[in-house]
Amino acid sequence: MSKTPIITARNVDVFYAEKQALDKISLDIPENKVTSLIGPSGCGKTTFLRCINRMNDLVDICRVQGDIKIADQDIYASNVDVVALRAQVGMVFQKPNPFPKSIYENVAYGPKIHGLTSGKADMDELVEWSLRKAGLWAEVKDRLQETGTGLSGGQQQRLCIAREIAVKPRVILMDEPCSALDPIATAIIEELIDELRKNFTIIIVTHSMQQAARVSQRTAFFHMGNLVESGATKTIFTSPKDERTQNYITGRIG
Amino acid sequence: MTDLDTSFLQGQKHLAKRHRSESRFQWMGRMAIVVSLSFLVFMVGSIFWQGKSAVTTTEIALQINLSADVVDPNDIRGASFDRIIKATLCDTFPEATSRKEKKKLYGLLSSDAGYQLRDQILENPEMLGGTVTIWVNASDDVDIFNKGQIDRDVPQADRRLDDQQIGWIDQLSGNTAMRSVFNAKFFTNGDSREPELAGILSALVGSAMSLSICFVLSFPIGIMAAIYLEEFAPKKRWSDFIEININNLAAVPSIVFGLLGLSIFLSTFGLPRSSPLVGGMVLALMTLPTIIIASRASLRAVPPSIREAALGVGASPVQATFHHVAPLALPGMFTGAIVGMARALGDTAPLLMIGMVAFIVDVPQSILEPATALPVQIFLWADAPERAFLEKTSAAIIILLVFLVLMNIAAIILRKKYELRF
């Protein structure tokens, strides 16, 4: 790799109570690229994703060991403010979860609590910028005051993406963002992901191998809590080194 | 092709049995509803039947001579109105001559009649100087006789009015000197030993004050406790312990809270006895667990995805809770609070313990003055020996039920209107 990676994970172990969910994960995530995490259900890819913005903190029984650094800063260090971290590492969830508020308020909420704008005009501009970036502006510009939950599933997911990018994070985590969407909405989101990587580093968990192949430049394959293999997407899909990877991408396990 | 397998149709015997047991079960369910509904109809019906007569009261007209030698226009208050009333009665029924007969005669009118005469004169002093017709309250016995609740066929010794008194009453109603009017006093007076004067107002005001105190104390404390326990408290052993205790408190008989209030609020803190302040505090103790449990349930009903969404854009846990989760749970919290308050409105036992069972005539002016409450008033009247308090009791129950129904309707409206579905 030419550039230094933005996220480096070293020997990350995660336990849910006594059960080990991740075992010694070491992975580098390059900046302004899309990295996809693939693997069968229960392999720990979502757990790893949620370590990166410390969403696992919400689970009482969850314990994380090892090092995760974003831009050389240890995110599990005691002086790290989780709130500031999550402003830098946004997350898009499996099921679209807009706030039951207006479209405008959905996008404006993040910037508002982080104090990113000064004045109404500034905020209007940021909301428009975010919605344009998320490819939603043309569809909602006349109904910004309508509730976000009234949109279609695909639109809701793009609204959630707009809500994230309004905070201008460095990294966006996506946890199976298209699994609740139809193929057309999925295609739109995939196009959007490709567009967004110019400004953001994206890590996407997906169950669809085709999706991983289409949208990502890097791929990491997880299996039973282990990181089996990672590298350029092309390499992983065409000449995997490990037999398990081979079996998974050809549909023999998973 | 010809030997088509029809064995799947042959379970008909079993099928019939299954249908029978299903219809049997449905009939049992319907019967249960019919029985419980009939109990309800019987209860509400009998209360309304008994209470409806409290809407009216009986008044008697007296032709009273108010010449200057009877009432001095310059010193109205100095006149002896009781004596005027009695003299007028004796003039109307000159056949009452003995002490005993006169006493029976005076018993036709409310003991308040003299004051009622005075108040009417003070209101319209121009009536002085001539003979005027004044309507005053009949006594409770005359009132219920007029409402048909004393049977004149019963032997004289067994009824509250004897033949002579009934004769006078007949004479009065024959002369149209007796009428039934709307019983405004029931809604504007406090309690009284005389049923015809007793009213519900002081109990209503006492209940309203107690409930306000109860709400002001229990709602904020209850929802903050619920929010902390549900959203912030680490799920450790001691939070389980707290949860078990809260659930237990919700089931503790209310009289125990009354005893607690007696020993802490009255004995230790020395707060004024019988006051709506203490009543409200005791009811708040009682309502608190209900509000906490309902609020926690409605917080739990907010989908976790909302919480994650807020945290995902970098909201702190407090911001996520107060910007997103709590507002969505608020209608449910209000519903729980109203249901708890409705229970508090109807509760008597804790108020008895802290002395709100006192005989309170005056409408309380502040939360520190002695007061009584609606259910306690019902208890007091139900306990009173006078037959005429029977209808008052039922009427007070009707008023209590009306408020309970209103509160429950408010809870339903809140829930229907503001509840969000996901």
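Observations
- Applying 1/(1 + (r/R0)^6) with R0 = 25 Å to the Cβ-Cβ distance of A:Asp194 and A:Ser239 gives a FRET efficiency near 0.55.
- Among B:67-74, B:165-172, the order from most to least packed when residues are scored by Cβ within 10 Å on average: B:165-172, B:67-74
- The chymotrypsin sites (Phe, Trp or Tyr not before Pro) of region A:166-245 include none that meets both criteria, a DSSP state outside H, G, I, E and B (loop) and at most 15 other C-beta atoms within 10 angstrom of the site's C-beta.
- Distance between the modelled labels on B:Asp151 and A:Gln94, one decimal in nanometres: 7.6 nm (7 Å Cα→Cβ projection).
- Fewest neighbouring Cβ atoms within 10 Å first, the residues B:Tyr115, B:Tyr228 line up as B:Tyr228, B:Tyr115.
- Take each residue of peptide B:303-311, count the partner chain Cβ atoms within 10 Å of its Cβ, and average: the result is 6.
- Using C-alpha pairs under 8 Å with a sequence gap of at least 6, the mean separation divided by the residue count of region B:55-182 gives a relative contact order of 42 percent.
- Expressed as a fraction of 2.2 N^0.38 Å, the value expected for a compact globular protein of N residues, the C-alpha radius of gyration of region B:161-248 is 2.29.
- Fewest-first sequence of A:Met209, B:Met224 by Cβ atoms within 10 Å of each Cβ: B:Met224, A:Met209
- Chain B, dipole about Cα centre (Lys/Arg Cβ +1, Asp/Glu Cβ -1), debye to the nearest 20: 1980
- Ordering of B:286-299, B:26-39, A:70-83 by packing [mean C-beta count within 10 Å, highest first]: B:286-299, A:70-83, B:26-39
- Peptide A:95-102 has a mean shielding of 5, counted as Cβ atoms of other protein chains within 10 Å of each residue's Cβ.
- Taking packing as the residue-averaged number of other Cβ atoms within 10 angstrom, the listed peptides A:51-58, B:269-276 run from highest to lowest as A:51-58, B:269-276.
- If you count Lys pairs in region A:119-235 whose Cα atoms are under 25 Å apart, skipping same-chain pairs closer than 8 places in sequence, the total is 10.
- Helix-derived mean residue ellipticity, 222 nm - over chain A, DSSP H n ≥ 4, -39500 (n - 2.57), to 500: -10500 deg cm²/dmol
- The loop-placed GluC sites (Glu not before Pro) in region B:51-119, going by DSSP, that have at most 14 neighbouring Cβ atoms within 10 Å of their Cβ come out as B:Glu95.
- Debye intensity ratio in log₁₀ form over the Cα atoms of region A:7-249, taken at each q of 0.07, 0.08, 0.11, 0.16 Å⁻¹: -0.23, -0.30, -0.57, -1.16
- Straight-line cross-link partners of A:Lys69 among the aspartates and glutamates, defined as a Cα under 18 Å from its Cα and at least 8 positions apart when in the same chain: A:Asp13, A:Asp23, A:Asp28, A:Glu31, A:Asp57, A:Asp81.
- FRET efficiency, 1/(1 + (r/R0)^6) with R0 51 Å, evaluated for B:Ala384 and A:Ser41 via beta carbons: 0.10
- Computed over chain A: relative contact order in percent, which uses C-alpha pairs under 8 Å that are six or more apart: 27
- Spacing of the modelled spin labels on A:Asn226 and B:Val256, each 7 Å from Cα toward Cβ, amounts to 5.8 nm.
- Placing R0 at 45 angstrom, the Cβ-Cβ distance between A:Ala187 and A:Ser26 gives a FRET efficiency of 0.85 after rounding to 0.05.
- Chain B: angle of helix B:389-418 to the longest principal axis, Cα-based, in degrees nearest 10: 30
- For chain B, the longest principal axis of the alpha carbon atoms and the long axis of helix B:237-250 meet at an angle near 30°.
- Taking the empirical scaling 2.2 N^0.38 Å for compact globular proteins as reference, the protein assembly as shown has a Cα radius of gyration ratio of 1.50.
- Translational diffusion coefficient (Stokes-Einstein; Kirkwood radius from C-alpha pairs) of region B:55-182 at 25 °C, 0.890 mPa s, in µm²/s: 160
- Ordering B:Thr321, B:Ile397, B:Pro370 by Cα displacement along the dipole of region B:319-422 toward the positive end leaves B:Thr321 in first place; charges were set at the Cβ atoms of Lys, Arg (+1) and Asp, Glu (-1).
- Region A:34-48 versus region B:127-151: alpha-carbon centroid distance in Å: 90
- Computed label-point distance, nm, for sites B:Ile242 and B:Leu368 using a 7 Å Cα→Cβ extension: 3.4
- Test item: Cα-centred dipole of chain A, Lys/Arg +1 and Asp/Glu -1 on Cβ, debye: 260
- Panel order for B:Asp158, B:Asp141, by other beta carbons found within 10 Å of each beta carbon, from fewest to most: B:Asp158, B:Asp141.
- Computed from Cα positions, the angle between helix B:163-174 and the longest principal axis of chain B comes to roughly 90 degrees.
- Chain B - percent relative contact order, Cα under 8 Å, separation 6 or more: 19
- Using the Karplus relation 6.51 cos²θ - 1.76 cosθ + 1.60 with θ = phi - 60°, the per-residue 3J(HN,Hα) values for region B:91-99 come to 5, 5, 10, x, 5, 7, 10, 6, 4 Hz, with x marking Gly and Pro.
- Residue-span extension gain [B:Thr268 to B:Asp5] - 0.36 nm each, minus C-alpha spacing: 86.1 nm
Laboratory data are not the source of any read-out in this text; all were calculated from the coordinates shown. Remember, predicted model here, so these are calculated numbers, not experimental data. So basically every Cβ, Gly included, is an ideal-geometry build from the backbone, and we count neighbours across all protein chains shown.
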